[in-house]
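A.B. asks: My questions all concern the structure below.
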Amino acid sequence: MTNNLEISHRQMRLAETISRQLVNALIRRKLTPAFSDFFITHLAGLTPLIAVLDTAKLGDHSAYVSADLLHQLSTDLGGLPVYLSNHSGIRYVILLSPLPKLPRKVDLPLDIPRGKLAVGVRFSGQPVLLEWETLLHLAVLGATGSGKSIFLQSLVTQAIRDEMKILLSDIDQTTFGMLESHPNLAAPIASTPQEALGLIEQAIAECDRRAELFRQVPERPQKLSEYNALMVKQGKEPLPRMLVVLDEASSVLTALGGAKGAMGQALATLGWRGRKFGIHFVFAAQEFTKDILGPVRDQVGLTLCFRVGNAQMAERMGCNRAERIPENRPGLAISNRHGPIQTYFVESSALGQGQKLLPSLNDFERTLFARSQRETNGRLSIPILVGWGQRERAARQMLETWELRGWVLRDPQRDNARYITAKLVEIMSNRQAGQAPSNPAR
Ligand SMILES: Nc1ncnc2c1ncn2[C@@H]1O[C@H](COP(=O)(O)OP(=O)(O)O)[C@@H](O)[C@H]1O
Ligand SMILES: [Mg+2]
(Lines give C-alpha, C1' and ligand atoms only; values in the text may rest on other atoms or scores of the structure.)
(Ligands and ions follow the chains in the order given, each with its own letter.)
Protein backbone atom coordinates (compact mmCIF):
# COMPACT_ATOMS: atom_id res chain seq x y z
CA MET A 1 0.00 0.00 0.00
CA THR A 2 1.46 3.32 -1.02
CA ASN A 3 1.50 5.97 1.62
CA ASN A 4 3.31 9.18 0.94
CA LEU A 5 0.40 11.37 1.93
CA GLU A 6 -0.76 12.50 5.29
CA ILE A 7 -2.95 9.66 6.33
CA SER A 8 -3.93 8.91 9.87
CA HIS A 9 -3.18 5.62 11.56
CA ARG A 10 -6.85 5.04 11.92
CA GLN A 11 -7.38 5.46 8.18
CA MET A 12 -4.45 3.15 7.40
CA ARG A 13 -5.88 0.43 9.62
CA LEU A 14 -9.32 0.92 8.17
CA ALA A 15 -7.90 0.68 4.65
CA GLU A 16 -6.12 -2.55 5.45
CA THR A 17 -9.23 -4.09 6.89
CA ILE A 18 -11.29 -3.00 3.90
CA SER A 19 -8.74 -4.42 1.46
CA ARG A 20 -8.99 -7.82 3.11
CA GLN A 21 -12.76 -7.64 3.24
CA LEU A 22 -12.95 -6.74 -0.45
CA VAL A 23 -10.87 -9.77 -1.43
CA ASN A 24 -13.06 -12.04 0.67
CA ALA A 25 -16.23 -10.48 -0.65
CA LEU A 26 -15.23 -11.20 -4.25
CA ILE A 27 -14.16 -14.76 -3.46
CA ARG A 28 -17.44 -15.41 -1.72
CA ARG A 29 -19.22 -14.42 -4.94
CA LYS A 30 -17.00 -16.68 -7.05
CA LEU A 31 -15.32 -13.66 -8.60
CA THR A 32 -11.55 -13.32 -9.03
CA PRO A 33 -9.97 -10.93 -6.51
CA ALA A 34 -7.33 -9.88 -9.06
CA PHE A 35 -6.41 -6.67 -7.28
CA SER A 36 -3.20 -5.20 -8.67
CA ASP A 37 -3.05 -2.29 -6.24
CA PHE A 38 -4.65 -0.71 -3.23
CA PHE A 39 -3.79 2.87 -2.48
CA ILE A 40 -5.04 5.76 -0.45
CA THR A 41 -5.28 9.13 -2.08
CA HIS A 42 -6.56 12.62 -1.48
CA LEU A 43 -9.20 13.72 -3.86
CA ALA A 44 -11.09 16.99 -3.64
CA GLY A 45 -10.84 17.07 0.15
CA LEU A 46 -11.63 13.39 0.54
CA THR A 47 -9.51 10.42 1.48
CA PRO A 48 -10.64 7.39 -0.49
CA LEU A 49 -9.09 3.98 -0.68
CA ILE A 50 -8.77 2.94 -4.32
CA ALA A 51 -8.77 -0.76 -5.13
CA VAL A 52 -7.54 -1.49 -8.64
CA LEU A 53 -8.55 -4.68 -10.41
CA ASP A 54 -6.31 -6.15 -13.08
CA THR A 55 -8.91 -6.43 -15.82
CA ALA A 56 -6.70 -8.72 -17.92
CA LYS A 57 -7.16 -11.40 -15.29
CA LEU A 58 -10.93 -11.20 -15.21
CA GLY A 59 -13.40 -12.86 -17.51
CA ASP A 60 -16.58 -10.97 -18.23
CA HIS A 61 -16.19 -7.58 -16.56
CA SER A 62 -19.85 -6.89 -16.13
CA ALA A 63 -20.14 -8.89 -12.90
CA TYR A 64 -17.49 -6.66 -11.34
CA VAL A 65 -19.18 -3.36 -12.09
CA SER A 66 -22.83 -4.25 -11.61
CA ALA A 67 -24.81 -2.06 -9.28
CA ASP A 68 -25.83 -5.20 -7.43
CA LEU A 69 -22.25 -6.12 -6.65
CA LEU A 70 -21.40 -2.59 -5.50
CA HIS A 71 -24.37 -2.78 -3.23
CA GLN A 72 -23.31 -6.16 -1.83
CA LEU A 73 -19.74 -4.99 -1.30
CA SER A 74 -21.03 -2.02 0.58
CA THR A 75 -23.12 -4.28 2.79
CA ASP A 76 -20.05 -6.47 3.44
CA LEU A 77 -18.11 -3.37 4.45
CA GLY A 78 -20.66 -2.56 7.11
CA GLY A 79 -22.48 0.01 5.00
CA LEU A 80 -19.51 2.02 3.75
CA PRO A 81 -20.45 3.18 0.26
CA VAL A 82 -18.48 1.62 -2.62
CA TYR A 83 -18.32 3.52 -5.87
CA LEU A 84 -16.71 2.99 -9.24
CA SER A 85 -14.03 5.42 -10.26
CA ASN A 86 -14.38 7.38 -13.51
CA HIS A 87 -10.95 6.06 -14.40
CA SER A 88 -10.58 3.47 -17.15
CA GLY A 89 -10.26 -0.14 -16.02
CA ILE A 90 -12.06 -1.17 -12.85
CA ARG A 91 -11.36 0.71 -9.64
CA TYR A 92 -13.44 0.63 -6.52
CA VAL A 93 -13.50 3.77 -4.45
CA ILE A 94 -14.22 3.49 -0.73
CA LEU A 95 -14.28 6.67 1.30
CA LEU A 96 -12.26 6.69 4.51
CA SER A 97 -13.34 10.22 5.39
CA PRO A 98 -16.87 11.49 5.82
CA LEU A 99 -18.66 12.79 2.75
CA PRO A 100 -18.13 16.48 2.12
CA LYS A 101 -21.08 18.67 1.50
CA LEU A 102 -22.15 18.95 -2.08
CA PRO A 103 -23.09 22.40 -3.40
CA ARG A 104 -26.77 23.21 -3.04
CA LYS A 105 -27.26 24.33 -6.58
CA VAL A 106 -25.21 23.87 -9.73
CA ASP A 107 -26.44 25.16 -13.08
CA LEU A 108 -26.37 22.82 -16.03
CA PRO A 109 -23.12 23.75 -17.80
CA LEU A 110 -23.35 25.01 -21.35
CA ASP A 111 -20.29 23.22 -22.62
CA ILE A 112 -21.17 19.57 -22.14
CA PRO A 113 -19.66 17.51 -24.94
CA ARG A 114 -22.33 16.62 -27.44
CA GLY A 115 -23.81 13.18 -27.15
CA LYS A 116 -23.02 13.03 -23.44
CA LEU A 117 -25.56 13.26 -20.72
CA ALA A 118 -24.53 15.35 -17.73
CA VAL A 119 -26.34 14.32 -14.56
CA GLY A 120 -24.72 16.48 -11.90
CA VAL A 121 -21.62 16.74 -9.75
CA ARG A 122 -20.39 14.07 -7.37
CA PHE A 123 -18.57 14.33 -4.08
CA SER A 124 -15.22 14.56 -5.84
CA GLY A 125 -16.42 17.69 -7.62
CA GLN A 126 -16.31 15.89 -10.95
CA PRO A 127 -19.33 15.93 -13.22
CA VAL A 128 -21.12 12.67 -13.87
CA LEU A 129 -21.16 12.35 -17.66
CA LEU A 130 -22.88 9.37 -19.20
CA GLU A 131 -23.61 8.01 -22.64
CA TRP A 132 -27.05 6.94 -23.72
CA GLU A 133 -25.78 3.82 -25.38
CA THR A 134 -24.46 2.37 -22.13
CA LEU A 135 -27.01 4.02 -19.90
CA LEU A 136 -30.04 2.53 -21.65
CA HIS A 137 -32.92 3.50 -19.40
CA LEU A 138 -33.31 5.43 -16.19
CA ALA A 139 -35.51 5.17 -13.11
CA VAL A 140 -36.00 8.24 -10.93
CA LEU A 141 -37.59 8.19 -7.50
CA GLY A 142 -38.36 11.05 -5.17
CA ALA A 143 -40.98 12.62 -2.94
CA THR A 144 -42.89 15.70 -4.06
CA GLY A 145 -40.61 18.71 -4.19
CA SER A 146 -37.40 16.66 -4.16
CA GLY A 147 -36.22 17.68 -7.64
CA LYS A 148 -37.57 15.10 -10.07
CA SER A 149 -39.15 17.51 -12.50
CA ILE A 150 -36.13 19.79 -12.69
CA PHE A 151 -33.97 16.74 -13.32
CA LEU A 152 -36.26 15.54 -16.11
CA GLN A 153 -36.12 19.02 -17.60
CA SER A 154 -32.34 18.92 -17.61
CA LEU A 155 -32.45 15.56 -19.40
CA VAL A 156 -34.82 16.87 -22.02
CA THR A 157 -32.78 20.04 -22.48
CA GLN A 158 -29.79 17.91 -23.30
CA ALA A 159 -31.77 15.55 -25.50
CA ILE A 160 -32.98 18.51 -27.54
CA ARG A 161 -29.48 19.86 -27.85
CA ASP A 162 -28.40 16.46 -29.16
CA GLU A 163 -31.26 16.50 -31.66
CA MET A 164 -32.98 13.53 -30.12
CA LYS A 165 -36.66 12.94 -30.76
CA ILE A 166 -38.69 13.19 -27.58
CA LEU A 167 -41.91 11.65 -26.31
CA LEU A 168 -43.24 13.12 -23.07
CA SER A 169 -45.87 12.13 -20.59
CA ASP A 170 -46.82 14.72 -18.02
CA ILE A 171 -50.02 13.76 -16.25
CA ASP A 172 -49.72 16.64 -13.79
CA GLN A 173 -49.02 19.03 -16.64
CA THR A 174 -46.50 20.80 -14.46
CA THR A 175 -43.23 19.53 -15.88
CA PHE A 176 -43.22 19.99 -19.63
CA GLY A 177 -45.89 22.55 -20.42
CA MET A 178 -43.34 24.92 -21.93
CA LEU A 179 -42.45 22.31 -24.56
CA GLU A 180 -45.88 22.07 -26.10
CA SER A 181 -45.48 21.86 -29.88
CA HIS A 182 -41.70 21.81 -29.69
CA PRO A 183 -40.31 20.61 -33.04
CA ASN A 184 -38.42 17.71 -31.42
CA LEU A 185 -41.61 16.16 -30.05
CA ALA A 186 -42.53 13.02 -31.96
CA ALA A 187 -46.11 13.26 -30.60
CA PRO A 188 -48.15 15.66 -28.49
CA ILE A 189 -47.41 15.59 -24.75
CA ALA A 190 -49.49 12.86 -23.07
CA SER A 191 -51.67 13.99 -20.19
CA THR A 192 -53.66 10.82 -19.48
CA PRO A 193 -52.51 7.24 -18.76
CA GLN A 194 -54.09 6.13 -22.04
CA GLU A 195 -52.14 8.73 -23.97
CA ALA A 196 -48.98 7.71 -22.10
CA LEU A 197 -49.55 4.12 -23.18
CA GLY A 198 -49.97 5.43 -26.70
CA LEU A 199 -46.48 6.99 -26.49
CA ILE A 200 -44.89 3.73 -25.39
CA GLU A 201 -46.67 1.93 -28.20
CA GLN A 202 -45.44 4.55 -30.64
CA ALA A 203 -41.89 4.00 -29.38
CA ILE A 204 -42.25 0.24 -29.83
CA ALA A 205 -43.54 0.81 -33.37
CA GLU A 206 -40.43 2.90 -33.97
CA CYS A 207 -38.35 -0.11 -32.82
CA ASP A 208 -40.13 -2.19 -35.47
CA ARG A 209 -39.42 0.40 -38.13
CA ARG A 210 -35.76 0.59 -37.12
CA ALA A 211 -35.47 -3.20 -36.98
CA GLU A 212 -36.51 -3.26 -40.63
CA LEU A 213 -33.93 -0.58 -41.52
CA PHE A 214 -31.22 -2.49 -39.63
CA ARG A 215 -32.19 -5.67 -41.51
CA GLN A 216 -31.48 -3.98 -44.82
CA VAL A 217 -27.84 -3.44 -43.85
CA PRO A 218 -25.64 -6.44 -44.69
CA GLU A 219 -23.16 -5.62 -41.89
CA ARG A 220 -25.88 -6.43 -39.30
CA PRO A 221 -25.33 -3.51 -36.92
CA GLN A 222 -25.98 -4.37 -33.26
CA LYS A 223 -26.52 -0.89 -31.97
CA LEU A 224 -27.50 2.54 -33.17
CA SER A 225 -23.97 3.93 -33.19
CA GLU A 226 -22.88 1.11 -35.53
CA TYR A 227 -25.86 1.62 -37.81
CA ASN A 228 -25.31 5.37 -37.96
CA ALA A 229 -21.60 5.01 -38.66
CA LEU A 230 -22.48 2.80 -41.66
CA MET A 231 -25.13 5.22 -42.88
CA VAL A 232 -22.94 8.28 -42.83
CA LYS A 233 -20.22 6.37 -44.65
CA GLN A 234 -22.74 5.93 -47.44
CA GLY A 235 -23.79 9.57 -47.29
CA LYS A 236 -27.16 8.76 -45.73
CA GLU A 237 -28.96 10.37 -42.81
CA PRO A 238 -28.25 8.93 -39.39
CA LEU A 239 -31.21 7.95 -37.18
CA PRO A 240 -31.72 10.17 -34.14
CA ARG A 241 -31.90 8.69 -30.67
CA MET A 242 -35.27 8.88 -29.04
CA LEU A 243 -36.07 9.69 -25.42
CA VAL A 244 -39.36 8.77 -23.78
CA VAL A 245 -39.99 10.51 -20.46
CA LEU A 246 -42.77 9.39 -18.13
CA ASP A 247 -43.31 11.67 -15.18
CA GLU A 248 -45.64 10.32 -12.47
CA ALA A 249 -45.01 6.85 -13.88
CA SER A 250 -46.40 4.96 -10.90
CA SER A 251 -49.83 6.48 -11.22
CA VAL A 252 -49.81 5.74 -14.93
CA LEU A 253 -48.81 2.14 -14.32
CA THR A 254 -51.32 1.67 -11.55
CA ALA A 255 -54.11 3.17 -13.61
CA LEU A 256 -53.39 0.66 -16.36
CA GLY A 257 -53.33 -2.52 -14.30
CA GLY A 258 -49.90 -2.42 -12.65
CA ALA A 259 -46.83 -4.28 -13.80
CA LYS A 260 -48.84 -7.03 -15.50
CA GLY A 261 -51.19 -4.61 -17.17
CA ALA A 262 -50.87 -3.08 -20.62
CA MET A 263 -48.44 -0.36 -19.57
CA GLY A 264 -46.20 -2.67 -17.53
CA GLN A 265 -45.91 -5.05 -20.45
CA ALA A 266 -45.32 -2.30 -22.97
CA LEU A 267 -42.54 -0.80 -20.84
CA ALA A 268 -40.85 -4.17 -20.40
CA THR A 269 -40.99 -4.68 -24.17
CA LEU A 270 -39.59 -1.25 -24.89
CA GLY A 271 -36.94 -1.90 -22.25
CA TRP A 272 -35.32 -4.75 -24.05
CA ARG A 273 -36.09 -3.76 -27.64
CA GLY A 274 -35.20 -0.09 -27.37
CA ARG A 275 -31.60 -0.62 -26.37
CA LYS A 276 -30.52 -1.82 -29.80
CA PHE A 277 -32.28 0.98 -31.63
CA GLY A 278 -31.34 4.00 -29.54
CA ILE A 279 -34.75 4.37 -27.91
CA HIS A 280 -34.42 5.15 -24.23
CA PHE A 281 -36.91 5.77 -21.49
CA VAL A 282 -36.88 7.52 -18.18
CA PHE A 283 -39.58 6.94 -15.66
CA ALA A 284 -40.02 9.01 -12.57
CA ALA A 285 -42.31 8.49 -9.62
CA GLN A 286 -42.88 9.30 -5.98
CA GLU A 287 -42.95 5.66 -5.07
CA PHE A 288 -42.33 2.32 -6.64
CA THR A 289 -43.95 -0.70 -5.16
CA LYS A 290 -41.98 -3.90 -5.51
CA ASP A 291 -44.56 -5.12 -7.94
CA ILE A 292 -44.19 -2.13 -10.22
CA LEU A 293 -40.43 -1.90 -10.15
CA GLY A 294 -39.86 -5.62 -10.74
CA PRO A 295 -40.30 -6.00 -14.48
CA VAL A 296 -38.47 -2.81 -15.43
CA ARG A 297 -35.70 -2.95 -12.84
CA ASP A 298 -33.45 -5.12 -15.00
CA GLN A 299 -33.75 -2.83 -17.99
CA VAL A 300 -32.53 0.20 -16.17
CA GLY A 301 -28.86 1.22 -16.31
CA LEU A 302 -29.11 3.95 -13.73
CA THR A 303 -31.39 4.58 -10.80
CA LEU A 304 -31.48 7.92 -9.10
CA CYS A 305 -33.27 8.55 -5.82
CA PHE A 306 -33.99 12.03 -4.59
CA ARG A 307 -35.37 12.40 -1.08
CA VAL A 308 -37.67 9.47 -0.34
CA GLY A 309 -39.82 8.72 2.66
CA ASN A 310 -39.00 5.12 2.94
CA ALA A 311 -35.64 3.39 3.43
CA GLN A 312 -36.85 0.14 1.94
CA MET A 313 -37.90 1.82 -1.26
CA ALA A 314 -34.48 3.47 -1.57
CA GLU A 315 -32.75 0.18 -0.97
CA ARG A 316 -34.90 -1.57 -3.55
CA MET A 317 -33.65 0.97 -6.06
CA GLY A 318 -30.02 0.41 -5.01
CA CYS A 319 -29.84 3.92 -3.56
CA ASN A 320 -29.18 3.25 0.12
CA ARG A 321 -29.56 6.19 2.44
CA ALA A 322 -31.66 8.30 0.11
CA GLU A 323 -34.16 8.43 2.94
CA ARG A 324 -31.61 10.52 4.85
CA ILE A 325 -31.60 13.36 2.33
CA PRO A 326 -33.07 16.38 4.12
CA GLU A 327 -36.12 18.16 2.88
CA ASN A 328 -34.20 21.37 2.27
CA ARG A 329 -31.89 19.73 -0.29
CA PRO A 330 -33.90 19.45 -3.50
CA GLY A 331 -31.74 18.24 -6.38
CA LEU A 332 -29.54 16.10 -4.11
CA ALA A 333 -29.83 12.44 -5.06
CA ILE A 334 -28.18 9.07 -4.54
CA SER A 335 -27.45 7.05 -7.63
CA ASN A 336 -26.94 3.31 -7.65
CA ARG A 337 -23.62 3.68 -9.44
CA HIS A 338 -22.16 7.00 -8.37
CA GLY A 339 -23.39 7.60 -4.86
CA PRO A 340 -24.48 11.12 -3.93
CA ILE A 341 -24.91 13.55 -6.81
CA GLN A 342 -26.09 17.12 -6.78
CA THR A 343 -28.06 17.09 -9.99
CA TYR A 344 -27.92 20.05 -12.33
CA PHE A 345 -30.41 22.83 -12.10
CA VAL A 346 -32.12 24.29 -15.14
CA GLU A 347 -34.40 27.25 -15.33
CA SER A 348 -37.76 25.92 -16.53
CA SER A 349 -38.37 29.03 -18.59
CA ALA A 350 -35.19 28.31 -20.58
CA LEU A 351 -36.38 24.85 -21.54
CA GLY A 352 -38.92 25.94 -24.11
CA GLN A 353 -36.09 27.50 -26.05
CA GLY A 354 -34.43 24.10 -26.18
CA GLN A 355 -31.84 24.30 -28.87
CA LYS A 356 -31.14 27.92 -28.12
CA LEU A 357 -30.13 27.17 -24.58
CA LEU A 358 -26.95 25.42 -25.52
CA PRO A 359 -24.49 26.29 -28.23
CA SER A 360 -24.63 23.92 -31.14
CA LEU A 361 -21.19 24.70 -32.44
CA ASN A 362 -18.24 26.23 -30.73
CA ASP A 363 -16.18 29.19 -31.93
CA PHE A 364 -13.44 26.96 -33.23
CA GLU A 365 -15.82 24.91 -35.34
CA ARG A 366 -17.51 28.01 -36.61
CA THR A 367 -14.17 29.42 -37.75
CA LEU A 368 -13.36 26.24 -39.64
CA PHE A 369 -16.74 26.11 -41.34
CA ALA A 370 -16.63 29.77 -42.32
CA ARG A 371 -13.19 29.26 -43.79
CA SER A 372 -14.39 26.25 -45.70
CA GLN A 373 -17.28 28.25 -47.13
CA ARG A 374 -14.86 30.97 -48.23
CA GLU A 375 -11.98 28.87 -49.49
CA THR A 376 -13.08 25.36 -50.44
CA ASN A 377 -16.69 25.73 -51.47
CA GLY A 378 -17.82 23.92 -48.34
CA ARG A 379 -15.56 20.94 -48.98
CA LEU A 380 -13.85 19.46 -45.93
CA SER A 381 -11.32 16.66 -45.77
CA ILE A 382 -8.45 15.47 -43.63
CA PRO A 383 -5.82 17.05 -45.95
CA ILE A 384 -7.73 20.35 -45.96
CA LEU A 385 -7.94 20.44 -42.16
CA VAL A 386 -4.31 19.37 -41.83
CA GLY A 387 -3.39 22.16 -44.25
CA TRP A 388 -5.12 24.53 -41.83
CA GLY A 389 -2.96 23.37 -38.96
CA GLN A 390 -4.90 20.49 -37.45
CA ARG A 391 -3.29 17.20 -36.49
CA GLU A 392 -4.38 14.36 -38.72
CA ARG A 393 -5.97 12.36 -35.92
CA ALA A 394 -7.94 15.34 -34.65
CA ALA A 395 -9.03 16.13 -38.20
CA ARG A 396 -10.33 12.62 -38.72
CA GLN A 397 -12.21 12.67 -35.43
CA MET A 398 -13.78 16.03 -36.16
CA LEU A 399 -14.96 14.91 -39.57
CA GLU A 400 -16.47 11.74 -38.17
CA THR A 401 -18.26 13.62 -35.43
CA TRP A 402 -19.60 16.22 -37.81
CA GLU A 403 -20.83 13.49 -40.09
CA LEU A 404 -22.74 11.89 -37.23
CA ARG A 405 -24.34 15.21 -36.45
CA GLY A 406 -25.33 15.62 -40.07
CA TRP A 407 -23.14 18.70 -40.47
CA VAL A 408 -21.07 17.29 -43.33
CA LEU A 409 -22.03 14.63 -45.82
CA ARG A 410 -20.24 12.75 -48.59
CA ASP A 411 -21.31 13.83 -52.04
CA PRO A 412 -21.17 11.04 -54.64
CA GLN A 413 -21.45 13.70 -57.39
CA ARG A 414 -18.23 15.36 -56.23
CA ASP A 415 -15.79 12.45 -55.87
CA ASN A 416 -17.45 11.33 -52.66
CA ALA A 417 -15.76 14.09 -50.69
CA ARG A 418 -17.41 15.58 -47.63
CA TYR A 419 -19.29 18.85 -47.94
CA ILE A 420 -21.05 21.10 -45.45
CA THR A 421 -24.78 20.35 -45.37
CA ALA A 422 -27.74 22.73 -45.58
CA LYS A 423 -28.51 21.80 -41.99
CA LEU A 424 -25.18 23.15 -40.80
CA VAL A 425 -25.58 26.34 -42.80
CA GLU A 426 -28.90 26.85 -41.06
CA ILE A 427 -27.43 26.24 -37.60
CA MET A 428 -24.68 28.74 -38.39
CA SER A 429 -27.12 31.39 -39.48
CA ASN A 430 -29.37 30.86 -36.41
CA ARG A 431 -26.55 31.66 -34.15
CA GLN A 432 -27.15 35.35 -33.49
CA ALA A 433 -30.81 34.80 -32.97
CA GLY A 434 -30.69 32.23 -30.28
CA GLN A 435 -27.39 31.23 -28.89
CA ALA A 436 -26.63 31.54 -25.23
CA PRO A 437 -23.36 33.23 -24.38
CA SER A 438 -20.63 30.70 -23.67
CA ASN A 439 -19.82 32.39 -20.38
CA PRO A 440 -23.09 33.22 -18.75
CA ALA A 441 -23.02 35.78 -16.00
CA ARG A 442 -23.95 34.15 -12.73
N1 LIG B 1 -31.24 20.44 -9.02
C2 LIG B 1 -31.76 21.37 -8.20
N3 LIG B 1 -30.96 22.27 -7.62
C4 LIG B 1 -31.48 23.20 -6.80
N5 LIG B 1 -32.79 23.32 -6.52
C6 LIG B 1 -33.65 22.45 -7.07
C7 LIG B 1 -33.16 21.42 -7.94
N8 LIG B 1 -34.23 20.68 -8.33
C9 LIG B 1 -35.31 21.23 -7.74
N10 LIG B 1 -34.99 22.28 -6.98
C11 LIG B 1 -35.93 23.13 -6.21
O12 LIG B 1 -36.96 22.31 -5.69
C13 LIG B 1 -38.22 22.68 -6.23
C14 LIG B 1 -39.07 21.45 -6.51
O15 LIG B 1 -38.46 20.69 -7.52
P16 LIG B 1 -39.29 19.77 -8.55
O17 LIG B 1 -38.33 19.30 -9.56
O18 LIG B 1 -40.50 20.46 -9.04
O19 LIG B 1 -39.72 18.58 -7.57
P20 LIG B 1 -40.62 17.31 -7.89
O21 LIG B 1 -40.86 17.20 -9.35
O22 LIG B 1 -39.84 16.15 -7.35
O23 LIG B 1 -41.89 17.51 -7.12
C24 LIG B 1 -37.89 23.49 -7.46
O25 LIG B 1 -38.86 24.45 -7.74
C26 LIG B 1 -36.57 24.13 -7.11
O27 LIG B 1 -36.77 25.33 -6.39
MG1 LIG C 1 -42.74 17.01 -10.39
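A.B. asks: Scan segment 172-185 and report the pairs whose first residue is part of a loop (DSSP other than H, G, I, E, B) and within 16 Å of ligand 2 (Cβ to nearest atom) and whose second residue is polar (S, T, N, Q) and at pLDDT 85 or above, with Cβ atoms within less than 6 Å and a gap of 6+ or a chain change.
C.D. replies: Sorted first by the residue in segment 172-185, then by its partner, the pairs are Gln173/Ser191; Thr175/Ser149.
A.B. asks: Then there is this: Suppose we keep only residues that are charged (D, E, K, R) and outside any strand (DSSP E or B) within segment 128-156. Which one would you say is farthest from ligand 2 (Cβ to nearest atom)? Show your work before the answer.
C.D. replies: Of the residues in segment 128-156, the ones charged (D, E, K, R) are 131, 133, 148.
Now drop any that are not outside any strand (DSSP E or B), which leaves 133, 148.
Working: Glu133: 28, Lys148: 5 Å.
My answer is Glu133.
A.B. asks: For Met242, are the conditions met, namely being modelled with pLDDT of 90 or more and in contact with a His (Cβ under 8 Å, 6 or more places away or on another chain)?
C.D. replies: yes
A.B. asks: Another one. Quick one: Val121 ticks every box in (1) within 30 Å of Arg10 (Cβ to Cβ); (2) of a type in the set (A, V, I, L, M); (3) within 16 Å of ligand 1 (Cβ to nearest atom); (4) surrounded by fewer than 18 Cβ atoms within 10 Å (Cβ to Cβ) bar one, so which box is it?
C.D. replies: Among (1) within 30 Å of Arg10 (Cβ to Cβ); (2) of a type in the set (A, V, I, L, M); (3) within 16 Å of ligand 1 (Cβ to nearest atom); (4) surrounded by fewer than 18 Cβ atoms within 10 Å (Cβ to Cβ), the lone unmet condition for Val121 is (4).
A.B. asks: Something else: Within segment 210-228, can one find any residue that is of a type in the set (A, V, I, L, M, F, W, C) and within 16 Å of ligand 2 (Cβ to nearest atom)? It would help to see each step written out before you state the result.
C.D. replies: Keep residues of segment 210-228 that are of a type in the set (A, V, I, L, M, F, W, C), which gives 211, 213-214, 217, 224.
Checking which are within 16 Å of ligand 2 (Cβ to nearest atom) leaves us with none.
Looking through segment 210-228, none of the residues is of a type in the set (A, V, I, L, M, F, W, C) and within 16 Å of ligand 2 (Cβ to nearest atom).
A.B. asks: Follow-up question, since we're still on this one. If a residue counts only when it is touching a Lys or Arg at 6+ places or on another chain (Cβ under 9 Å) and not small (Gly, Ala, Ser), which helices (runs of 4 or more DSSP H) contained entirely in segment 195-277 have at least 2 such residues? Break it down into steps so the answer makes sense when it comes.
C.D. replies: Values: elements: 224-233, 249-255, 262-277.
Counting at least 2 such residues, we get 224-233, 262-277.
A.B. asks: Of everything in segment 253-263, what is farther than 13 Å from Glu201 by Cβ and buried (at least 18 other Cβ atoms within 10 Å of the Cβ)? Give them in sequence order. Working first, answer last.
C.D. replies: Here is the first cut: in segment 253-263, the ones farther than 13 Å from Glu201 by Cβ are 253-255, 257-261.
Leu253, Thr254, Ala259, listed by residue number.
Okay, residues lined up against (1) free of Cβ contacts under 8 Å to residues at least 24 places away in the same chain; (2) out of contact with any Pro (no Cβ under 7 Å at 6 or more places or on another chain); (3) buried (at least 18 other Cβ atoms within 10 Å of the Cβ):
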| site | (1), (2), (3) |
| --- | --- |
| His9 | yes, yes, no |
| Glu16 | yes, yes, no |
| Ala34 | no, yes, no |
| Leu46 | no, no, no |
| Val52 | no, yes, no |
| Leu69 | no, yes, yes |
| Thr75 | yes, yes, no |
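A.B. asks: Checking the conditions here, which among Ala118, Ala159 is part of a strand (DSSP E or B) and either away from ligand 2 (no atom under 16 Å from the Cβ) or within 14 Å of the chain's Cα centre (by Cα) (or both)? It would help to see each step written out before you state the result.
C.D. replies: Numbers: Ala159 fails: part of a strand (DSSP E or B).
Answer to the selection: Ala118.
A.B. asks: Name the residues in segment 32-88 that are outside any helix (DSSP H, G or I), under 22 Å from Val300 (Cβ atoms) and among the charged types (D, E, K, R), would you?
C.D. replies: Selection gives Asp60 alone.
A.B. asks: Given the conditions (1) in contact with a Ser or Thr (Cβ under 6 Å, 6 or more places away or on another chain); (2) in contact (Cβ under 8 Å) with a residue 40 or more places away in the chain; (3) more than 16 Å from ligand 1 (Cβ to nearest atom), which single one is not true for Phe151?
C.D. replies: Result: Phe151 passes all but (3).
The values are calculated or read from the model by the stated rules, or taken from the named source; none is laboratory data. For clarity, every value in this text was computed on a predicted model and none was experimentally measured. A quick note on method: Cβ atoms are made from the backbone with ideal geometry, for glycine too, and the neighbour counts reach across all protein chains shown.
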